Every structure is written in structure tokens, then in C-alpha cells.
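Notes follow once the structure below has been shown.
FYI, it's all coordinate maths here, none of it is from the lab. Small disclaimer: the values here were computed from a predicted structure and weren't measured. All Cβ positions, even for glycine, are placed from backbone atoms using ideal geometry, and neighbour counts span all protein chains on display.
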Amino acid sequence: MANIGPIPSVRPPLAPTAARAGEGVSQAGAGGDANFGDMLKGALGQADGSQQEAVSAVQDLLAGKSEDLLSAVSAMAKADLSFKMLLGVRNKVIDAYKQTMNMQI
């Protein structure tokens with residue numbers, strides 16, 4: 001079996017900070033309020049990117065271009081987690097919409 005080395009794409013989790021909260025997201029106004037639509041598009045783009053990386057890693061593994069099984073598995077796990085996170089956000093948004101529609105005026 002080949003020598004197993006560290007996973008290059010896995011990094012320890014970073015603690016959220018005020019400076020990191022707005023990274024990659026355009027700011028809507030001078031007050032620093034981020035647009036929800038832009039945040040959602042950014043999250044969708046990140047999830048799509050991780051999905052494409054996973055597909056590429058698996059295709060490279062199957063084609064024999066790469067023998068690093070661990071990186072392919074970690075890319076698939078990352079794509080799965082990002083998809084599940086987006087699915088949870090979608091469900092929360094739908095629930096909030098339903099609650100808003102059921103409000104008495």
C-alpha cells in the first residue's frame with residue numbers, strides 16, 4: 001500500500017470573526033449590511049465548486065491520473081456537507097415563508 005500522507009485540502013476550522021463574516025460577499029450599504037440574495041448566491045457557488053472538485057477528483061481517480069483515494073473521499077465528504085447545509089438553509093427559508101403567509105393581519 002502506498003505511503004499515506006496528510007490531506008492537503010483539509011484545514012482546521014476557523015473561528016468566525018467580524019472581519020471574516022463579510023468575506024466574498026458584497027456589502028449592500030455603508031452600514032455593512034450584506035444582501036441576503038448575494039450571500040445565498042455565494043453559498044450556492046461554493047457548494048457548486050466543491051461538487052465540481054469532488055467530481056474531478058473521482059474522475060481522476062477512475063482514469064488513473066491520481067492514486068490518492070483519501071483526497072477523493074475528502075472532496076466527496078466536503079461536497080456532501082455543503083449540500084446538506086444548503087438543504088437545511090432552504091428548508092428554514094421555506095418554513096419562514098410559510099409562517100409569514102399564515103400570519104393574521
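Would you mention how many residues in the range 56-88 are within 24 Å of LEU40 (Cβ to Cβ) and surrounded by 14 or more Cβ atoms within 10 Å (Cβ to Cβ)?
Residues meeting the conditions: 7.
A quick yes/no check of all residues on (1) within 12 Å of the chain's Cα centre (by Cα); (2) more than 19 Å from MET39 (Cα to Cα); (3) not in a helix (DSSP H, G or I):
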{"position": "SER56", "(1), (2), (3)": "no, yes, no"}
{"position": "SER71", "(1), (2), (3)": "no, yes, no"}
{"position": "PHE83", "(1), (2), (3)": "yes, no, no"}
{"position": "LEU87", "(1), (2), (3)": "yes, no, no"}
{"position": "ARG90", "(1), (2), (3)": "no, no, no"}
{"position": "THR100", "(1), (2), (3)": "no, yes, no"}
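Please name all residue pairs, on different chains or six or more residues apart, with Cβ atoms under 9 Å, provided the first residue is in the range 49-71 and is within 19 Å of SER82 (Cβ to Cβ) and the second residue is among the polar types (S, T, N, Q) and exposed (fewer than 15 other Cβ atoms within 10 Å of the Cβ).
GLU53/SER9; SER71/SER9
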